[in-house]
Every structure is written in structure tokens, then in C-alpha cells.
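Asks: Structure in C-alpha cells, see below.
The values are calculated or read from the model by the stated rules, or taken from the named source; none is laboratory data. Worth saying up front: this structure is predicted, and the values here are computed from it rather than measured. Ideal geometry is used to build each Cβ from the backbone, glycine not excepted, and the neighbour counts take in all protein chains shown.
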Amino acid sequence: MQAIAESSKPKTQSTSPLLTFWRTFRRNPMALVGLTMLIIILLLAVFARQLAPYDVTSSANVSTADIYNPPGGAHLLGTDDAGKDVLSNFFFGARISLIVGFFAAFISVFIGGVIGIVAGFYGGRIENILMRFTDIMLVIPDLPLMVVIVALTKPSLINIIFVIGLLGWTTTARIVRSQTLAVKSRKFVLRARAIGAGNFHIILHHILPLVMPLLVVNAILVISLAILNESALSFIGLGDPTALSWGQMLNYAFGRGAMSAGAWWALVVPGLGIVWVVLALTLLGHGLEQVLNPRLEFHHLEPGRPVVQSEARQPVARAEDGRPILLEVQNLSVDYVTAGKPPARAVENVSFQLREGELMGLVGESGCGKTTLMLALLRLLPPAGQIVGGKVWFMGRDLTAMDETELQTVRWNGISIVFQGAMNAFNPVRTIGDQIFEAIQKHTPILPEDKIEDRVSELLELVGISAEHKAHFPHQYSGGMRQRAMIAMALACNPSVVIADEPTTALDVMIQAQILELLDSLRKKLGLSIIFVTHDLGVVAEMCDSVLVMYGGVTAEYASVDTIYNAPRHPYTQELLKAFPDLSKLDKRLASIPGYPPRLDQLPPGCRFAPRCPQALERCHTQPPALHRLEGTHVASCHLLDG
Amino acid sequence: MERRQYLLKKIGWSLFTILFVLVLNFFLFRILPGDPARAGVKDPRLKKEAIEAIQVRFGLDKPVVNCFESLNPVKLGSCTVNPLETQFFIYVGNLLRGELGISYHTNRPVAAILAERLWNTILLIGAGQILSIIVGVILGIFAAWKARTAIDYGALLTSLLAWSLPTFWLGIILLFWGSANGLPIGGKATPGSSTLPPVQQWTDIFQHMLLPTLTYTIVYMGEYTLIMRSSLLDVLAEDYILTAKAKGLSTFQILKDHALKNAMLPLVTVIAINLGFTVAGALQIEAVFSWPGLGGAIYESVVRRDYPVLQGAFLLIAVAVILANLIADLTYSYLDPRVQSE
Amino acid sequence: MTNMDYFLEVRDLKKYFQAGRPGWFSKSTRLVHAVDDISLQLQRGEVIALVGESGCGKSTLALTLMGLEKPTAGQIIFEGEDITHADESQLKTLRQRIQMVFQDPYESLNPTQSIEEIVGEPLVVHDLGLSPAERRERVVRALEDAGLKPADIYMRRFPHELSGGQRQRVVIAGALVLEPHLLLADEPVSMLDVSIRAEILNLLADLRKSRQISIIFITHDLGTVGYFADRIAVMYLGRIVETGAMREVLESPQHPYTRALLSVIPVPNPRLRRERVILQGETPNPIDLPSGCRFHPRCPVAIERCKQEDPPYVRLSATHQTACWLVKEA
């Protein structure tokens, strides 16, 4: 048994989830600001007695002349309707509002959490009953119900805490339930069952740790809602008359003529307190959510990075055999740029030519850059991606020099893409026919609508889908059908080149055979050129004319399919072939390549494959190999070919 | 067929929820110590005729519900009482006749009082919701589209701040500022304005509506901005947006034809769920601005301990929200083709 | 042949599910025939490959054998014991002898647990009376047997720090720590890069030899089984359509489905252009089963009889049998 190669050992520093969390949290401005604001107000509340300049419990030294005194002098923030110091009341009011908020929220979150986990985990009738009940409580308007209950009972602090708490659990229950359901269906829970763990163990060790983050975020939200609810209740006059919360302060001020007296300080100050706390909690909650549930770093409509222009080498119009060359890629390099880190080179110096009618296979494993390369051709890279060198010539035009408007005329019209995993490649709320229609209309706007409809039907029939399905939605198609529909759409504008990015990877082997046969027949019928991206060497052998093998972002080897399979010169190609099962040679032992493909931000100096190469020389580890030209179009980048 | 089943299921469920609220309403007002009927009977403010009317209408001499004389569970009564003779069914019967009791404060039938107010609340919530949705959606779209730029951060902070404002407090501040600048300090219309020609009447109402609607809009647009932004960000990161881009569509076309519809779907759900919360906002706003709506009715009835009005207003508001939720649910199912049956 | 001859014997096993969710008032009467009359036998130390496309029921079969799903009918006899209707506590002790390896190394591990916790979890769950030091010792041994040497560097790591191949080794270590007799490997390499797959397959092959573990290897990729399996069983729509020694099935397949499958599996040899039998359409859903032989709608050589009667098994050699009207008994 081979031990794992050095390059694949984990780093010496362990990064527990808690540590990772803290590091991300520290860098989130919203969360930090929110937390700071919260700590400040908590400190003010805790040290109210020390901070308050006046004792607001006693009425000594207070006369009617003290009512509604403006800020300044003896009272920093003025006095209220009873002549008491607003600032001091502010500090003590903080206590009440915060206490009610936290305790009520605690009750809500506890109830909601238990209901959510029980409903989500146990399912069936229990879930049905609990969730129906939750839905009812969710629909019934909160505040009016709270008002009714408190009005009919005693408006004491304990009462209010309980009422707010007992009515505030509905959002928590829903969120916890859906999260529990999501976690429950994850494979590691199945594994836990498979090793014999009981329900309690699973809930404790698997469900809870993964539900907790969301629960915490929700708890923060619930606290803020509880504080808002308490202040609203107090304002309406249902607050505890003995506890002067901020809401109660506002109730008295509003009801006892602060407005007509122009005593804005009595109205603004308590309100600002509420805003401060709620804003603190809201910022903290949103920041935490970003930290715990990070979204993708980009979306597809964000502006991309400009292409770094390089010197043009004129494209070759015809190949040696006379066939026209439709697509020529010259020394293309692509970086991924993230702030604060050095750029990661995803594709380095890759070149190839695609002739008319040729089917080129692009082979490589995860992280080799093949998808990046394909996206770069049509300038569809994510915002962090940037073409930093090289050119892409399509029918004599330089795609790297075009602006977005021009590119839009080439996309789909000249070059189209069949994406992998067609599940979400189609818009789920529009019909398939509609989405094909759209492509045709964009590029041939003068065509009348009925003609376009005919073409849509024609295209679907071409790929073996009966035209009546064009009014159906993607979810009504099976996986194989969706892939065919994707192909139909890709052909809609009669492109010269079709890029098929792992089109059959997720499909069964029989469906895969159907799709491959379809592609092959379409290619012959329509004279298409196809770039077929895959990791499956068998498929490439069956279908392709030429093969580009990529590793770690560079070209390992590029040659005709026959050469690649029968006379490969690059060790990676050789090892890959040895690792690929061959049913025609059952006696062959499956070899493996120790280690694993390099990460873009940890590229080895020298040859990218050297750490795993059985034939590596000294210089392979320090110097990157040159691209050697062998017979015909055969190239390989390896030091073994030096001189 | 599946769609019809779905509709029936949803409608049936709403009816069940309304029933639940009826029962809840009934028992709340009987169980809780401030039992209005009995309290009302003792209330010295009521005239003798009113007290008798209450006794008859609420059937205070009859058992509460079958097997229970009163709400004291230990003291069982006869289980063979004609169910129609129990307080609960008298209550339901009254409701079905549109009979909601008599206000302690004004001695007018509650139903009549609330009927006027219902439309005022709808007017206020309607105008406020529409505005806050429009503002929220537009802001949210820009924030998501221009993610991670100044526009996004600005919109985000504004919405978070708006969301953090207590509704009643914002109302107070705006009222304070408004009254200092010539705007009316409350109510729906200037007294005596009903004699004016319609255009001027409506201008008058408009002036009175300005601040309350503004309060409503500011508070709720924050939430809608956040939801729209979040929803659109998710949509714009989906694979089909990349497909659309690869097809050569322009950014505007992609937003219009692919992103917005998908992003709005969750918004419909949120608007529905929110209706319960917006009523809470309406309550506060109507209290501050003395707007003669259902929320204001609740507020005033609390202040005056006018329980029949409180009970009636609560019921009406709850039923309205349940029905609005139903409509939103049904609308959603028409918009999203993936929803077939539960 | 008595029960004791076989390490594992499955007889006429059926597992049906209800189609659609039951409502408050209605019960669905439509059934998903996920596993529909499966019989197979396994010797100690033997590796059998269960091959089939999605929807054929192979994963459901694995879950049923593990006791994670209750059989609808039939029998499972393991090491002489009838475990078909095992209760909770019986199942728990059973888990010490039957373990499972899952397909997705990225999802099979709880991201909040360290490697030591993950691999040690079975020991904690089964409470074998081990001291923490003894537990640690066994975890280390399991990790090293799975090829993660030296185990110390891996113990305190978390899943996100490891590569796909390493994670899969952790999953295997977790399955080995209880020293099971039978391993159910459900597509253990299909989500790994090609260059890594052989490592894992070789690991399993070595474990079979060193620990005498029997393995049921479930896959859709016929290509990988050639190196590893002693026997192959081909599944279609809940049934086994052909079973036999590995070479027999791969070199002279008899069932039209097996032949079609083998003919379309891409072979990395551009000079070998074979006659491919590409079946039309897709596997029908297991709710509305075709009449007669369930393969007949897609079968390129179906005759009239195939539509009407379900063919019985026909023996072709001591180890090779298939169910097809066109195949004669040897």
C-alpha cells in the first residue's frame, strides 16, 4: 500500500470549524459593528446605577418646575413629564427593554427550536400536526393578539415576557424545521444510522451542531422583535407601569403633551435607544448570517475584468490537410484574482486549433482548468477571472479584443455551449420551447414568430424529443431528455462550433451512449466542429479526432486520438491511461497515480506533474518544461523530451 | 385535477384557521380574568337595558359549552344540554348574523363601528404596502445587480436602519416634524370637510394620509429591499443565468426575462407572511396619527377598556389577514409552475 | 445446501415503497417496486459486484441489507441467522458485522467533527467497554489500514482539509473500525478523479485479502468491476437479470441487457470500433412495470412470449445463470 505523497499531507495548522468561524467573523464589518454597538448598550445597562447622575426612583427634589426642561444645565438630556432626568431614565430603561427582549426571546427560541427539531426529525403525523399548528399561529397577527391577551390580564413585566415569548416562536420553528430536514437528508446522517446510532445520538451529534448556527442567527432576530414588541405594547399603554422601559417613557411623553410642549428630547432619546439596540442586533444578525451561510462570491451579471492584451500572431487559416481552421487559441492564460491574495493561474499558455468538422476531446481531472478554458473562449468567466495573455481567433476575428456588444453577436451564433448538469442550466419557470425561441429571436430578429416556432419544433425533433414537449417545463423532462433539449438549444442558431462541457457525466451509461451517438450523427449531418470536455478517456477514444490533455492548467499533451492512445509521450497521459479501466484487457492491473491534482494556489514550481510523476528528473521539480513539438500537430510539455 | 385539489386544500385550510381563531377569540375573552361580558355586567357605566341586552346576547345564564357550566373544569355540568343553547354557539350564531356586540363606550353596535373603520385601514395599508413594495423592489434590484458596490452597501444600510426603527416612534418623529410644518396632526379628515366638493375632500384626506403612509412605507420598504436583494442575488448566481449570457442576451434582457420573475416569487410569499406583521404596524401608526381604522379601534378600546370593540376588531383583523394569506398563496401557485400539489 | 454454507443468503427479497405522499384521508395504492424478488448468495471473503443503472434498485437493496429499510417480503440470512425482521437491538449488534461505504466523500462526513471523532464514532455508539486510550488505538489502526499513515496527522483534522481520496479513506476507516465481516460499498469511487480511483479499489481489494471481508460492490460502472469482483450480478428494474463469475459475464454475456450494456461501455482504444447496441428510451419507472419480461419494451431481440410471460432463471454453468426466453439451459 502506497503512502500518500508529501504534497497531499494536510497543513500543520489545524483549522477547526470554530477557528474558521472566528476568523471569518473578524473580517465582517457588519457583524463587528453590530457586536460593538450591542456591547456598549449592555455595558450602559449593567452599569446604569453607576452611570446615572440622578436617582430616578425617588421624587425628592422634584417639583413641577422641573417638567420638560430642555437639555443643558443640570440635565444633560432634559427632563420628562414627571420632572425626572431623561438621561438617568434612559440607562434604567435600557435594563427593562433588554431584559424583556432577552428573556422573551429565550422562551420563543427554546419553544421554536424544540418544535422545529422534533417536527423535522420525526416527520410523519407529528410533523404534520406541529407544522399545521405553527402555520396557524403564523397567520394570526402577532401584535393584536398580544394586545388582547395583555389587556385582559395584568400588564406586569413577567406577564409581558411570557406573552411575547409564547407568541414569538413561529419563525424559529419554521426555520429550524427546514434546516433539520435539510441536515437529516445529508449523507453523514445516513452513515450515522448505518453505524448503529440511535435517534438521540444523531440529534445531539449531527443535527444540533448543524442547526445551531441558523438558530443563533434567528435568535438574534427574535430578540430584536421582542424588544420592538415590548416597546409597542408599552406605548399603547399595556406596559408595566412600575417598570419604565423605553417604550413606557415614550408612552408617557406622547400621552402627556410632550409634542405640544415641544419637548422633543423626551420623544427622541428613548426612541434612539430602541433604534440603537435593534440596529445593533440587526447588523450582528445579518453579519453572522453572511459568515455562517456564505453566498457564492459572485453572480453572473457582475462586470468582468478587462482582457490583458498581448501581441497578436496572425491566425492560420488552413491546416496542413487543407481544411479550414475555425478556432485557434494561441498561448491563452487565465488568472483568478482575489483581493488580498496573489492571483491563481488557472490556465497557462494553452494553444490548440479546431478544424472544420473536427471533434476535439479536452481531457483532464478536477482543477486542470478545462472548464475555465472553455468559459474564457466566449469571455464568460466569473468576475474574478481574467484573461492575462494570449488570443482566441474565431473565423479570423479576435474574440479577446471584442467588447461586450460585439461578443453578444458571436455567442451562440458562432459558438454555443452545451452545459453540464442541465438541471439548472434551464430556467425552471419558463418552458423549454420558450427558452429555445429566445435564442433564435435574439440572433435573427427579423424572422417572424411563427417561423421561429416551427424552427423550435424542428430542433426538438432533431434530437429525438417530440415537439409537443416544447410547452413543458424543465422539471417535467427526465435527465436524458433535458440534455437533449440543451443540445437542441445549442444548435438553434446554426453555430459553427459547439462546446460540450461534460454533457454526459451525470447520466447513466446507456443514456450516455444515446447522447454520444446523437452528437456524432449531428456533427456529420450539420458539419459541426465540437469541443468535447470530459474526464472519461473511453468516450474520448470512441468519438474524438484529436485530444488535448490538460493538467494543473497547462497542456500536458496534444495530438491525434490515435497517437494519444497508442504512443503517448507525456508521463501523465501514460499514467492516466494505465489508471483507466479497459474491458478489452481484463488482465491489466489498474494503476493509480499517488497524490492528487495540485490546487491553483499551491502550484509546484517546475513541472506541475512532477510531485506525482514516476519518471521525474531533478530539474522537473525546479524548472517548468517547454512545449516540445513532435511530429505533425503532436506537442507535449515534458523534460524527458529535452534534446 | 391536481391544481383543483390544491386549491380546495388551501381554501379548506384557511377556513379551518378561521374557525380556530373564532374559538380562540371566544375562549380568550371568557377565560381571561378581564372577561368582558361579566365585567360589562358589573360596569357601572352601562345602562340597565344594555346590561340586559348583553345577558341575552351572550347567554350569560346559559352553560358555556356542552358539559361545562362555566370555565371551571372541575365543576362539570350536564352533558345533555342542547348545544345550540350554550354560550359558544350563541356566540357563533351571533357572528354569522354579523352581530359583534355593543360598544361599552358609545353604546353603538360594534359591527357598525368597525365597518366604517375597516375601509380606512385597508386604504392606509393598501397605499403603504404598494409604495413600500415598489420602493423595496427597485432598491433591492439595484442592490443585487450592483452587488458589492457603493450602491449595494448604501441600499443595505438604509434598509437595515429602516427596519430597525420602531414604527410608532418613527410616526411620532414624523408627526412632530410635520405638525411644525403645517401638516395635520391626526385623523383622516379635517372636521367639517365632508361638506366640501369631492376634489377638495380628497386633497384633505390625502394631506392627512401623507405622514402615516410615509411612516408605513419607510418601515416596510426596508424588509422588502432586503428580501428582494437576497432573492435576486441567489437567482443571479444560478446556472441558467450563465446559459442566458452564453446565448448572447444583454444584461438588461437577462434581468427582464430570466431573473426578475424568479426573484419575485419568494417576495410574494414574504408579502403574505408579512401581512400579519404589517397589521401590527398599522396598529401603531393609527394610534399615533389617530387614524380611524381597525388598528386605531384596538388602541382606543384598550385605552377605554371597551372589550366588545377589542374582541370584534381583533377578530376582523385576524380574518382579513387569513384571507389575504390565502389569496397570496393561490397567486403564488399560479406563478410558479413547480407547485403542483403538496 | 444448508444455510450454513453461505455467509450471506438473500431469498426472494422484495422492497416496495408507496408512490407519492399519503394525505390525511387517502392512501396511495401505487407502489414503487424498488427491489422485486432478488435472490443471491455470497461466500466468506467473496466480492460480488451489483451492476445496474439508476432506478434498478441497487441502492435500495444495499439499504435493505443494512437494515436501514425494512423488507416488504423475503428473507435475509447472514452468518446463519435470519435477520429479516431484526428489531432495534438486534440491528445494532448486526451493525458491528455489516458496514457500509458511501458514494459521496464530500457528504458522508460531518463537517463539524474531527477525523478522530468520525472514525471513533462507531466505537462510541456501540459502547464496547473500551477505555479512551483503547478507542484511540483502534482509530489509529483503522486509519492506517485505510492507508492514512501516519495516522497522527489526520486525527485532529477536519473533513474540509482533506482531498476527495483522503476523505473516502476516512469513510473506509470508519467502516473498518468495528472489524465487520461484510462491507457494502455503494459506488465508492464514482465521485473521485480517475487517477485516484484505482487507489481506493486496490485498497478494498487488499482489505478483502488481509481481513477476509466479503464485499458487495455496487456500481453503475461495469468498467471498474473487472479488476475486483469475483462475481457479477446485473440488475434491471428491481430484478437480477444475469449473474455469474466475473469473467463469464464479461466475456460471454447472455442476457440482452448485459450485452447492450457491455457494448456501449467506452473502451479507451480508438482502434477498437465495436458494434454498439444502444437501447432506445429510458428505464421505465418502477411503478408501472411492463408485462411479462420487464425488459421487453427496450429489448432489441424480444419475441412475442417476452411480452406475456416472465422468464425463469436458466442455468448456464455452475455459477452462471440468466433469465431470458432466448437463452437455453446448458
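Asks: Just to check your reading of the model, which residue among B:Gly126, B:Gly187, B:Gly182, B:Gly140 is closer than 30 Å to A:Gly304 by Cβ and either of a type in the set (Gly, Ala, Ser) or in contact with a strand residue (DSSP E or B) (Cβ under 7 Å, 6 or more places away or on another chain) (or both)?
Replies: When all the criteria are applied, what remains is B:Gly140.
Asks: Scan the helices (runs of 4 or more DSSP H) fully inside segment B:182-290 and keep the ones with 1 or more residues being aliphatic (A, V, I, L, M) and crowded, with 24+ Cβ neighbours inside 10 Å.
Replies: On the way: elements: B:198-236, B:239-246, B:251-254, B:260-289.
Result: B:198-236, B:239-246, B:260-289.
Asks: Report, by residue number, each residue of segment A:228-241 that is surrounded by 24 or more Cβ atoms within 10 Å (Cβ to Cβ) and more than 9 Å from chain B (Cβ to nearest Cβ).
Replies: Across segment A:228-241, the qualifying residues are A:Glu230, A:Leu233, A:Ser234, A:Gly239.
Asks: Follow-up question, since we're still on this one. Against the conditions (1) within 12 Å of chain B (Cβ to nearest Cβ); (2) under 24 Å from A:Asp81 (Cβ atoms); (3) surrounded by 24 or more Cβ atoms within 10 Å (Cβ to Cβ), where does A:Leu244 fall short? Just the number, please.
Replies: Condition not satisfied by A:Leu244: (1).
Asks: Tally time: how many residues in segment A:126-184 are surrounded by 22 or more Cβ atoms within 10 Å (Cβ to Cβ) and within 13 Å of A:Ile115 (Cβ to Cβ)?
Replies: 8
Asks: Okay, next question. Could you give every pair whose Cβ atoms fall below 6 Å, whose first residue belongs to segment C:52-69 and is without any contact (Cβ under 8 Å) to a residue 12 or more places away in the chain and within 11 Å of chain A (Cβ to nearest Cβ), and whose second residue is surrounded by fewer than 23 Cβ atoms within 10 Å (Cβ to Cβ) and part of a loop (DSSP other than H, G, I, E, B), counting only separations of at least 6 or pairs across chains?
Replies: Within 6 Å, the pairs are C:Leu63/C:Glu69.
Asks: Which count do you get for residues in segment C:173-232 that are surrounded by 23 or more Cβ atoms within 10 Å (Cβ to Cβ) and of a type in the set (Phe, Trp, Tyr)?
Replies: Residues flagged as surrounded by 23 or more Cβ atoms within 10 Å (Cβ to Cβ) and of a type in the set (Phe, Trp, Tyr) within segment C:173-232 amount to 1.
Asks: Can you give me the ranges of the helices (runs of 4 or more DSSP H) entirely in segment C:45-134 with at least 1 residues that are modelled with pLDDT under 90 and of a type in the set (A, V, I, L, M)?
Replies: C:88-94
Asks: Here's something else I'd like to know. Where the second residue is acidic (Asp, Glu) and surrounded by fewer than 19 Cβ atoms within 10 Å (Cβ to Cβ) and the first is at the interface with chain A (Cβ under 7 Å from one of its Cβ atoms) and within 17 Å of C:Met155 (Cα to Cα) and lies in segment C:104-129, which pairs have Cβ atoms under 9 Å and are six or more apart or on separate chains?
Replies: C:Asn110/C:Glu117
Asks: To continue, here is another question. Which of the residues belonging to segment C:141-172 are of a type in the set (Ser, Thr, Tyr) and surrounded by 23 or more Cβ atoms within 10 Å (Cβ to Cβ)?
Replies: C:Tyr154
Asks: Quick one: would you say A:Asp520 is within 17 Å of C:Arg276 (Cβ to Cβ) and surrounded by fewer than 24 Cβ atoms within 10 Å (Cβ to Cβ)?
Replies: Criteria met by A:Asp520.
Asks: Mind telling me which of the residues B:Gly312, B:Gly276 ends up being facing chain A (nearest Cβ under 7 Å) and either within 15 Å of the chain's Cα centre (by Cα) or among the hydroxyl-bearing types (Ser, Thr, Tyr) (or both)?
Replies: B:Gly276
Asks: Right, something else. Output the residue which, of all residues in segment A:577-634 that are within 32 Å of the chain's Cα centre (by Cα) and aromatic (Phe, Trp, Tyr), is farthest from the other protein chains (Cβ to nearest Cβ).
Replies: A:Phe609
Asks: Could you please let me know if A:Leu522 is away from chain C (no Cβ under 12 Å), assigned to a helix (DSSP H, G or I) and either under 33 Å from the mean Cα position of the chain (by Cα) or not small (Gly, Ala, Ser) (or both)?
Replies: yes
Asks: When you look at C:Gly281, is it surrounded by fewer than 21 Cβ atoms within 10 Å (Cβ to Cβ), more than 24 Å from the chain's Cα centre (by Cα) and within 13 Å of chain A (Cβ to nearest Cβ), yes or no?
Replies: It is true that C:Gly281 is surrounded by fewer than 21 Cβ atoms within 10 Å (Cβ to Cβ), more than 24 Å from the chain's Cα centre (by Cα) and within 13 Å of chain A (Cβ to nearest Cβ).
Asks: If you take the residues of segment A:371-427 that are of a type in the set (D, E, K, R) and within 9 Å of chain B (Cβ to nearest Cβ), which of them is surrounded by the fewest Cβ atoms within 10 Å (Cβ to Cβ)?
Replies: A:Glu404
Asks: Only one of these is among the acidic types (Asp, Glu), more than 8 Å from every other protein chain (Cβ to nearest Cβ) and over 20 Å from B:Trp169 (Cα atoms): B:Asp257, B:Asp306, B:Asp234. Name it.
Replies: Working: B:Asp257 fails: more than 8 Å from every other protein chain (Cβ to nearest Cβ); B:Asp234 fails: more than 8 Å from every other protein chain (Cβ to nearest Cβ).
It is B:Asp306.
Asks: Please determine, by comparing only the residues of segment A:273-296 that are within 9 Å of chain B (Cβ to nearest Cβ) and within 18 Å of the chain's Cα centre (by Cα), which one is farthest from B:Thr158 (Cα to Cα).
Replies: A:Leu296
Asks: List pairs: first residue in segment A:294-318 and at pLDDT below 85, second residue surrounded by 13 or more Cβ atoms within 10 Å (Cβ to Cβ) and among the aromatic types (Phe, Trp, Tyr) anywhere in the structure, Cβ distance under 7 angstrom, at least six positions apart or on different chains.
Replies: Qualifying pairs under 7 Å: A:Pro315/A:Trp393.
Asks: Cβ-Cβ distance below 6 Å, separation of 6 or more or different chains: which pairs start in segment B:216-238 with a residue that is acidic (Asp, Glu) and end on one that is outside any helix (DSSP H, G or I)?
Replies: Pairs that qualify, where the first residue is acidic (Asp, Glu) and the partner is outside any helix (DSSP H, G or I), are B:Glu238/A:Asn424.
Asks: Mind telling me which of the residues B:Leu157, B:Leu170 ends up being assigned to a helix (DSSP H, G or I), within 14 Å of chain A (Cβ to nearest Cβ), modelled with pLDDT of 90 or more and surrounded by fewer than 16 Cβ atoms within 10 Å (Cβ to Cβ)?
Replies: Values: B:Leu170 fails: surrounded by fewer than 16 Cβ atoms within 10 Å (Cβ to Cβ).
On inspection, the qualifying residue turns out to be B:Leu157.
Asks: Now for a different question. In segment A:22-57, how many residues are under 24 Å from A:Gly257 (Cβ atoms) and among the polar types (S, T, N, Q)?
Replies: So the answer is 1.
Asks: So, one more: For segment A:328-405, give me every one of the strands (runs of 3 or more DSSP E) that falls completely inside it and has 1 or more residues that are within 31 Å of the chain's Cα centre (by Cα) and over 30 Å from A:Leu577 (Cα atoms).
Replies: Where strands (runs of 3 or more DSSP E) fall fully within segment A:328-405 and carry at least 1 residues being within 31 Å of the chain's Cα centre (by Cα) and over 30 Å from A:Leu577 (Cα atoms), they are A:385-394.
Asks: Show the residue pairs that are 6+ apart or on different chains and have beta-carbon atoms under 8 Å apart, the first residue being within segment B:3-20 and over 22 Å from B:Ile317 (Cβ atoms), the second being among the small types (Gly, Ala, Ser) and part of a helix (DSSP H, G or I).
Replies: Correct list of pairs: B:Arg3/B:Ser333; B:Tyr6/B:Ser333; B:Leu7/B:Ser333.
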